1. Roughly speaking, what is the stretch gain from Val48 to Ala167, that is 0.36 nm per residue apart minus the C-alpha to C-alpha distance, in nm to one decimal?
2. Starting with the highest mean, order 126-135, 230-239, 111-120 by the number of other Cβ atoms within 10 Å, averaged over the residues of each peptide.
3. Take the alpha carbon atoms of the stretch 74-126, find their center, do the same for the stretch 147-166, and report the distance between the two centers in whole angstrom.
4. If the limit is 28 Å between Cα atoms, which of Lys117/Lys170; Lys64/Lys97; Lys117/Lys199; Lys124/Lys170; Lys97/Lys170; Lys180/Lys211 go over it?
5. Note down the magnitude of the dipole of the stretch 90-200 about its Cα centre, charges +1 on Lys and Arg C-beta and -1 on Asp and Glu C-beta and zero elsewhere, to the nearest 20 debye.
6. Given a cut-off of 23 Å, what percent of all Cα-Cα pairs of the stretch 96-225 lie beyond it?
7. Quick one: if you stick a label point 7 Å off each Cα along the C-beta vector at His74 and Arg196, how many nm between them?
8. Taking the inverse of the average 1/r across all pairs of different Cα atoms in the stretch 114-162, what Kirkwood radius in Å do you get?
Amino acid sequence: MFVLFILLVIAAVVLYVVSRGNSGRRGLKIGAAAALIAGLFAGITSCVYVVSAYEVGVPVTFGKVDSPLTSGMHLRSPFTSVTTFSTRPVDLNLSDKDVVEVRSSQGGVMYVEVTVKWAVTPAKAVELYRLAGSEGAIQQRLVYPDSREIVRNVFARYTSEQGYASAREKINTEIGDLIKERLAPRGIDVTTVNLRNVKPSDSLQDQIDRKIQQEQATERATEAARTAKAEAERRRIEAEGIAKANKILNDSLSDKVIMNQCIEAFREAAAKNPVYAVPCGSGGGTPVIVDGTKR
């Protein structure tokens, strides 16, 4: 814009000089005035800079970096350039071609997808400008490599099973805390770290499947052994109960008891049917009850 100001002023001067040498050319004087007015407008505009909302600007004049500019209108030298940084959160997606390859404490390979939300701290904009120079460079030179390094280091402290299953929430929290701790002193505010997906490599997946199959086979064998043991215990208890009952019955059955039971049976049968009894065997054996109504 300042270059335009210079060109318009030069054009105005030229038109004015030409118009003086040629008194009939009134239009040249009007053109000179218009060029001068436009040049003045361009000159004023070149000294005003507007920083948009949710941005911070870093002014540089002849290689000297000045204090950061907050959102709003600012007067500056026409020789000053302003580099702006967004203060809104920016997403760094470590996925697809940028997916992070990590190794567990056991050596298993996994592929991790992570999203890191970060934003520039306005008060540290000058330091970030000196470190990187632009918003894109901040992500590529600072956020990107540091995030990948921390993700690898954290997963290396956990087993494969913890990494893709049982400890994912804990790992996500640890990664987020370490990234924030690493980038905060540089002026980068990390708002969220989201561990989106953890995928085992093909070789690790094969190991996982074999381990699951072995565990299932072990569980089936253990259950079968437990069932067989319980059945054997049940049969032992049942056999002991039968043996005890037989012993009690054997101890309680004397000749007199048996004779008395036979007599009682004879009495019950005689009350209902004409029956008679004969001795069972010799020597006072158990009598046999005979129904006399049948031949």
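Derivation of every value follows stated rules applied to the coordinates shown; laboratory data play no part. Just so it is clear, the model here is predicted, and its values are computed rather than measured. Here Cβ is always computed from backbone atoms with ideal geometry, including for glycine, and neighbour counts include all displayed protein chains.
1. 37.4 nm is the gain from fully extending Val48 to Ala167.
2. Peptide ranking by packing, descending: 111-120, 126-135, 230-239.
3. One Cα centre to the other: 21 Å.
4. Result: Lys64/Lys97; Lys124/Lys170; Lys180/Lys211 exceed 28 Å.
5. 140
6. Pairs farther apart than 23 Å: 44 percent.
7. 3.5
8. Evaluated over the stretch 114-162, this radius sits at 12.5 Å.
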